[in-house]
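S.K.: First the structure, which I've put down as structure tokens, then a few questions once you've had a look.
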Amino acid sequence: MTALNPKISSLLAKDVYALTRASSVNKAISDLNYQYGPLFNFNTQNLLRGRTGGPSIIKVRTGFGFTLIGQGKLKGEAVILFRGTQYLADWLSNVNVGTSSSIAGLPVHDGFNMAFIPVPLENAGFRAWVGC
Amino acid sequence: MTRKDSDQATLFSAMAGVITMDGKPAANVRLVRTVDYDKKETDETTTDELGNFEFPAVRQHIRLKFLPREFVVSQSIKAYYEGTEYELWEGVKRNASENSESRGKSLVVSCDLLSEEKHIRVDGAPYFSLCTWDVEPDPTMIDMEVH
């Protein structure tokens, strides 16, 4: 098995911003296939959405990332790809610097945890984390 | 450059071009341009009898620069001609500088409404368009042979 190399990882971490702002999920998937086609499997279920911001009245629900399943030389690999700070509202999540408990019971940045919770992450066995 | 100028980001570079239909100039094509940074903004123009059009640059003062964030702008141009809508241009601008869509050169496009949509990346920014312009696309992962 060929592990993700740093070049692919860094490109994915950069690309996630444009992908989450594409006009449609299909356009984003098309771009992923164009750039990484032989390496990952994509479908319209791959988009992750999260809610960032402060109190609920000013929370912003946006594209937050993608899940990618490796194929070919990357078979057996998977990536959960999150974007970082893109909207001013994201800073309200950033400055929420307390900790809260993750699903695994470990302390994590509360701002991220609150944005992450709405993400329907049902794919198991992921090995690599990129972005954020 | 004044301090005010340095705070200006180009959300959509000035664009000039010609619209054709199957190779023939398309007059009176309504072009609606949308940019979305912090909010959606729309303007529009119409082609002349030779199919020519121009859009000025869309610039915006960057608010709260002390709170850094990624520059990500959705771009769109839709064309309306003889009762049909065409997606002329869709892209995501990832660089605040003028003409980043064409690596610094003036953005001059040729667009045929009957052409197939082309997909390229320029400096990591994806563009889907019925237009062609003078720019060298990024290599893909296959081109770079990193896998």
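S.K.: Are there any pairs with C-beta distances below 7 angstrom linking a residue in region B:103-115 that is closer than 14 Å to residue B:10 by Cα to a residue that is β-branched (Val, Ile, Thr), with the two at least 6 apart or on different chains, and if so which?
M.R.: B:103/B:122; B:103/B:135
This table checks each residue for (1) within 26 Å of residue B:124 (Cβ to Cβ); (2) within 15 Å of the chain's Cα centre (by Cα).
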site	(1), (2)
B:15	yes, yes
B:35	yes, yes
B:44	no, yes
B:63	yes, no
B:82	no, no
B:85	no, no
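S.K.: Can you work out which of the residues in region B:51-75 that are within 19 Å of residue B:105 (Cα to Cα) and either among the basic types (Lys, Arg) or out of contact with any strand residue (DSSP E or B) (no Cβ under 7 Å at 6 or more places or on another chain) (or both) is surrounded by the fewest Cβ atoms within 10 Å (Cβ to Cβ)?
M.R.: Top of the filtered list is B:56.
S.K.: Which members of region B:42-69 meet the condition of being without any contact (Cβ under 8 Å) to a residue 24 or more places away in the chain and under 21 Å from residue A:83 (Cα atoms)?
M.R.: Restricting attention to region B:42-69, the residues satisfying the condition of being without any contact (Cβ under 8 Å) to a residue 24 or more places away in the chain are B:42-46, B:48, B:64, B:66-69.
Listed by number, the residues that qualify are B:64, B:66, B:67, B:68, B:69.
S.K.: Then there is this: Take the residues of region A:54-86 that are modelled with pLDDT under 75 and out of contact with any Phe, Trp or Tyr (no Cβ under 8 Å at 6 or more places or on another chain): which is nearest to the other protein chains (Cβ to nearest Cβ)?
M.R.: Result: A:63.
S.K.: Consider residue B:126 carefully, then state whether it is more than 18 Å from residue B:17 (Cα to Cα), at the interface with chain A (Cβ under 8 Å from one of its Cβ atoms) and either crowded, with 16+ Cβ neighbours inside 10 Å or under 16 Å from the mean Cα position of the chain (by Cα) (or both).
M.R.: yes
S.K.: Quickly run through region B:129-147 and pick out the residues that are in contact with a Phe, Trp or Tyr (Cβ under 8 Å, 6 or more places away or on another chain), within 14 Å of chain A (Cβ to nearest Cβ) and over 17 Å from residue B:73 (Cβ atoms).
M.R.: B:140, B:141
S.K.: Answer yes if at least one residue in region B:29-41 is surrounded by fewer than 13 Cβ atoms within 10 Å (Cβ to Cβ) and farther than 18 Å from residue B:115 by Cβ, and no otherwise.
M.R.: There is at least one residue in region B:29-41 that is surrounded by fewer than 13 Cβ atoms within 10 Å (Cβ to Cβ) and farther than 18 Å from residue B:115 by Cβ.
S.K.: Additional query: Cβ-Cβ below 6 Å, separation at least six or inter-chain, first residue in region A:22-44 and at the interface with another protein chain (Cβ under 8 Å from one of its Cβ atoms), second assigned to a loop (DSSP other than H, G, I, E, B): which pairs?
M.R.: Matching pairs, first to second residue: A:35/B:140; A:39/B:147.
S.K.: Can you list the strands (runs of 3 or more DSSP E) lying wholly within region B:40-102 that have 3 or more residues being away from every other protein chain (no Cβ under 12 Å) and at pLDDT 95 or above?
M.R.: The qualifying strands (runs of 3 or more DSSP E) are B:40-46, B:52-55, B:73-81, B:84-93.
S.K.: Quick one: what pairs do we get from region B:22-34, first residue assigned to a strand (DSSP E or B), second basic (Lys, Arg), C-beta under 8 Å, 6+ apart or different chains?
M.R.: From residues that are assigned to a strand (DSSP E or B), the pairs are B:31/B:78; B:32/B:78; B:34/B:40; B:34/B:78.
The values are calculated or read from the model by the stated rules, or taken from the named source; none is laboratory data. For clarity, every value in this text was computed on a predicted model and none was experimentally measured. Here Cβ is always computed from backbone atoms with ideal geometry, including for glycine, and neighbour counts include all displayed protein chains.
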